[in-house]
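Participant: Supplied in structure tokens, the structure appears directly below.
The values are calculated or read from the model by the stated rules, or taken from the named source; none is laboratory data. In this text, all values refer to a predicted model and were calculated from it rather than measured experimentally. Cβ atoms come from the backbone with ideal geometry, glycine included; neighbour counts cover every protein chain shown. In case anyone asks, the SASA skips ligands and DNA or RNA and just uses the protein heavy atoms, side chains included. Shrake-Rupley method; radii C 1.70, N 1.55, O 1.52, S 1.80 Å.
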Amino acid sequence: RSNMSAPVPRRPGSSPRSFSAPRSSRAVRVLALGVGDKAPAFSAKDQNGKTVSLSSLQLPIIGKAVVLAFYPSDGSPGCTKEMGAFRDAIAEFKKAGAVVVGVSKGTVESKKEFATDLDLPFTLINDENDEIRTAYGVKAELFGALPGRETFVIAKDGTIVARYSDAFGFDKHVLKSLEALEPATVMA
């Protein structure tokens with residue numbers, strides 16, 4: 001499954017689309033974030049135990065575009081390929097004025113080990129209770145057996161400029177993110 005969201009005309013200040021999905025005997029509200037929506041705020045520990053938030057990455061004047069890459073788990077073969085591809089393209093992301101942040105469930109220790117093993121030059125954050133994944137509407141793959149693999153490109157002003165989902169196109173997340181970081185796309 002491959003999907004790159006196209007820009008959708010929206011009213012200024014409009015809220016993200018939402019829908020209710022049945023779960024057990026109650027309805028759960030799930031955000032369907034897309035291009036033009038404001039990225040949800042988050043705060044979580046990175047591989048060094050330091051708290052990282054979206055707002056800390058997007059400070060006024062010196063803030064950066066953020067590539068938020070959700071991956072299923074530390075150390076799995078697909079995630080190793082995907083995070084390795086982001087590592088190998090880090091100079092291109094820096095040139096585009098963006099920071100890369102990997103997000104998955106696990107522990108601070110598993111993030112540290114994964115980052116060290118792959119020599120990752122970017123932050124991995126621990127989404128301990130899947131709160132960030134839920135806030136961004138990242139759905140599970142393979143009938144719920146595998147946490148989803150999605151990448152969001154967030155402009156300096158906090159607006160989502162791209163959302164890409166592909167469970168098995170590991171390298172494509174890097175390519176689609178770099179395409180979305182074209183100057184005309186992320187200037188806010």
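Participant: Mind listing the Cα extents of segment 35-75 along all three principal axes, in Å, largest one first?
Facilitator: Computed over segment 35-75, the largest-to-smallest principal extents equal 34, 25, 14 Å.
Participant: A follow-up question, please. Among 68-75, 37-44, how do they line up by average Cβ neighbours within 10 Å per residue, starting with the highest?
Facilitator: With the highest mean Cβ count within 10 Å placed first, the list reads 68-75, 37-44.
Participant: Could you compute the net charge surrounding residue 56? Neighbours are other residues with a C-beta less than 14 Å from the C-beta of residue 56; K and R count +1, D and E count -1.
Facilitator: Here the charged neighbours net out to +3.
Participant: A further question follows. For segment 32-182, what % of the accessible area comes from carbon and sulfur atoms, probe 1.4 Å?
Facilitator: The computed percentage sits at 56.
Participant: Restricted to Cα positions, what overall size does segment 90-131 have along the principal axes? Three whole-Å values, descending.
Facilitator: 33, 25, 8
Participant: May I pose another question? Explain nothing, just the number: dipole magnitude of segment 90-151 about its Cα centre with +1 on each Lys and Arg Cβ and -1 on each Asp and Glu Cβ, in debye rounded to the nearest 20.
Facilitator: In total the dipole reaches around 220 debye.
Participant: What value does segment 65-108 have for Rg/Rh, both radii from Cα atoms and Rh as Kirkwood defines it?
Facilitator: Using only Cα positions, Rg/Rh for segment 65-108 is 0.99.
Participant: Among 129, 151, 103, pick out the residue whose Cα is farthest towards the positive end of the charge dipole of segment 91-176, where Lys and Arg carry +1 and Asp and Glu carry -1 on C-beta, about the Cα centre.
Facilitator: 151
Participant: Continuing with this model, one more query. Please list 51, 159 from largest to smallest accessible area, probe radius 1.4 Å, with all protein chains kept in place.
Facilitator: So, going from the largest accessible area down, we get 51, 159.
Participant: Output needed: percent of Cα pairs per 10 Å distance bin for segment 67-160, bins running from 0 to the one holding the longest distance.
Facilitator: Going out from 0 Å in 10 Å bins, segment 67-160 shows 16, 50, 31, 3 percent.
Participant: In whole angstrom, how long is each semi-axis of the equivalent ellipsoid of segment 120-164, when you take the square root of 5 times every eigenvalue of its Cα gyration tensor and sort them from largest down?
Facilitator: 20, 14, 11
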